[in-house]
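The values are calculated or read from the model by the stated rules, or taken from the named source; none is laboratory data. Bear in mind that the values here come from a model prediction, so they are computed numbers and not experimental data. Every residue, glycine as well, gets a Cβ built from its backbone with ideal geometry; the counts of neighbours run over all protein chains shown. These accessible areas exclude ligands, DNA and RNA; they are computed on the full protein's heavy atoms, side chains included. Shrake-Rupley method; radii C 1.70, N 1.55, O 1.52, S 1.80 Å.
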Amino acid sequence: MNRRHFITLLGGAAAAWPLAARAQRPTMPAIGFLHGGSSESNEHRIAAFRKGLNETGYIDGENVAIEFRWAHDQTGRLPELAGDLVRRQVAVIVTPGSTTSTHAAKAATSTIPIVFGIGGDPVNEGLVQSLARPGGNITGVAFMTEELGAKRLGLLHELLPSATRVAHLVNPNNPLTAPLVADVQTAASSIGMQIEVITATNKSEIDLAFANMAQKRADALLIAGDALLYGRRLQITILAARHALATVFANRDFPEAGGLMSYGPNTTDMIRQVGIYAGRILKGEKAADLPIIQATKFELVINLQTAKTIGVEIPATLLARADEVIE
């Protein structure tokens, strides 16, 4: 072999090494993020999910890719979006903050692990076998907000003892709505309140809902915990202030956006837990073996500035129990 031939062979081998290295590099795992709302109204939740992932060593764009699928309040699209993630062969599907999205993911796959974040009881929803050992391919976080409707109504009664007509704004497409409404109505009958259930599934229906409340002279308002209503929280808080309606919400993000008062779990932290579970599954743990995380701490948040704006005096007993008072 002459010197020129040797150098040519050596150069060709060197050029092939990067190609071989790239071929051997493991494919970056992908997580499917399925939600019925939009990215614009869920920035806090996306950040919380990424934070949880980071705690397990995964960073979006570096060693994991997040494939977002948003239905933009068109829940009928969720099965199609879930199917797309299955065809994409993502390693995990997460459904933070949406029962409807979780059911769509469950219907789309029985093999890809699913990590949910929902308001109700996942056993009653038929998602898992038990809280301690979920079984199958699904686990996640239960906010337990479905059980808090009566508690929120009690807080509203403490705030406005003379209120008798209370509007209850709900999303009729949410599978948790029926049991939540029944719970609230039972609680209302015991304290002499009349509940007027008002439904909304989009922006224009929310506007009509508030016009309906004004026509029926509602004394106060209760907002159900729901992904669609959460996504429209700025619209809802503005309308509640415009109509001077004392309102109790399910999530602290509402009073932070100008709503009066909320009682519920810290959902931002709970969705961080969804990110942690997704990371643990990427590391090799099985969804069936990860117990359901349940909310155990609930926060009372009061926006004192909003109270002054709508002319509501917050009782000292409520202020003393508040976990946070927004001045």
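Considering the stretch 206-219 alone, what residues qualify as being closer than 28 Å to residue 36 by Cα and surrounded by 15 or more Cβ atoms within 10 Å (Cβ to Cβ)?
Residues satisfying the conditions are 206, 209, 210, 212, 213.
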### Task
Of all residues in the stretch 21-60, count the ones that are at pLDDT below 95 and open to solvent by 50 Å² or more (accessible area, probe 1.4 Å).
11
#### Entry: Which listed residue, of 103, 72, is out of contact with any Pro (no Cβ under 9 Å at 6 or more places or on another chain) and within 21 Å of residue 171 (Cα to Cα)
72
### Message
Going residue by residue through the stretch 188-203, is there one that turns out to be more than 26 Å from residue 75 (Cα to Cα), open to solvent by less than 10 Å² (accessible area, probe 1.4 Å), of a type in the set (A, V, I, L, M, F, W, C) and in a helix (DSSP H, G or I)?
### Response
yes
### Task
Look through the stretch 235-271, keep the residues that are among the charged types (D, E, K, R) and open to solvent by 20 Å² or more (accessible area, probe 1.4 Å), and return whichever of them is nearest to residue 323 (Cα to Cα).
252
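Among the residues of the stretch 300-322, which ones are surrounded by 15 or more Cβ atoms within 10 Å (Cβ to Cβ) and within 27 Å of the chain's Cα centre (by Cα)?
300, 301, 302, 303, 304, 306, 307, 318, 322
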### Query
Of the residues that make up the stretch 269-282, is at least one modelled with pLDDT under 95 and out of contact with any Pro (no Cβ under 6 Å at 6 or more places or on another chain)?
yes
### Query
Looking at (1) on the phi > 0 side of the Ramachandran plot; (2) open to solvent by less than 40 Å² (accessible area, probe 1.4 Å), can you tell me which one residue 226 breaks?
(1)
